[in-house]
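Written below as structure tokens is the structure these notes are about.
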Amino acid sequence: MSVLLTEPRPEAVIVALDEVPLPLSAVALFGRHCPLELELGVGKGRFAIAWAQAHPEIALLGVERARTYLELAALRAVRAGVGNLRLVHTTAEDLLFRCLGVGSVAGVHVYFPDPWPKKRHHKRRFFRPENVARLAEVMEEGALLRVKTDHPEYAQVIRRVVEDDGRFAPVPAGEAFAAIPPTHFELKYQAQSRLVYLMAWRVLAS
Ligand SMILES: C[S@@+](CC[C@H](N)C(=O)[O-])C[C@H]1O[C@@H](n2cnc3c(N)ncnc32)[C@H](O)[C@@H]1O
């Protein structure tokens, strides 16, 4: 008798956005009512897998625009047997503006967003007023926005843009990041003893 051993398929974790009803919900994605959290720019998936494993009570939806990273993250998630993580291949902006409804998200993680250090590229940065305004809309009251960056100038910009929006109250980093697993980039920066800025806010009642 021969046994066919098949590799778990990453497609089980990747959600095709043209095959699910929009706006996205935990019920549509995971078949159950539970808090839906987002990670924007999952990279190779290190944080997403660890966070989903540590919190089976939530559903985590990760977005990544680089197909090769997305597929690697999905393969790792399938191999790790994580059932409460789904990944979508699009941009964070498309996910926020087209795919999610108002007040539908219980938490957002943005770790090491591309800093686009050259001045002529600043307009490509994720943290700009219209994206932060949309975050405030899709996040429910009391939801946490957590951000990490190694880039000092971008850290200042992020803090200013989020706080200028007026709908986010700062949360002490020690409280917000106490149990947050490191990302792939973070481990790399720790090995280089590079300073990392941790910032968190809670969405205020409207
Ligand atoms: C510097 S890497 C950090 C990856 C991961 N968060 C980490 O800390 O290891 C930034 C990631 O965000 C992705 N990314 C950048 N802009 C994006 C966008 N607008 N929408 C979705 N993903 C984006 C990039 O492809 C890349 O994988």
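The numbers here are math on the coordinates, done by the rules we state, and not lab data. These figures come from a predicted structure and were not determined experimentally. Using ideal geometry, Cβ is built from the backbone for each residue, glycine included, and neighbour counts are taken over all protein chains shown.
Per-residue ellipticity at 222 nm computed for the chain from its helices equals -9000 deg cm²/dmol, with DSSP H segments shorter than 4 residues left out and the rest contributing -39,500 (n - 2.57).
When the Kirkwood radius is taken over all Cα pairs of the chain, what Stokes-Einstein diffusion coefficient follows at 4 °C and 1.567 mPa s, in µm²/s? Please list the in-between numbers first.
Details: Rh = 17.5 Å.
Rounded, D is 74 µm²/s.
Cβ crowding within 10 Å, taken as a proxy for footprinting-reagent exposure, orders PHE126, PHE177, PHE47 from fewest neighbours to most as PHE177, PHE126, PHE47.
Each residue, ARG65 and THR90, gets one label point 7 Å from its Cα in the Cβ direction; the gap between the two is 1.4 nm. Each of HIS151, HIS33 has some number of other Cβ atoms within 10 Å of its Cβ, and from fewest to most they run HIS33, HIS151. The stretch between ASP164 and ASP18 holds 49.1 nm of extra length on full extension. This uses 0.36 nm per residue minus the Cα-Cα distance.
Of GLY174, GLY103, GLY41, the residue with the greatest mean-square motion in the GNM of the chain, using alpha carbon springs below 10 Å, is GLY174. The length gained on full extension between ALA50 and VAL27, counted as 0.36 nm times the residue separation minus their Cα-Cα distance, comes to 6.1 nm. Report note on the peptides 117-123, 14-20, 178-184: ranked by the mean count of other C-beta atoms within 10 Å, highest first, their order is 178-184, 14-20, 117-123.
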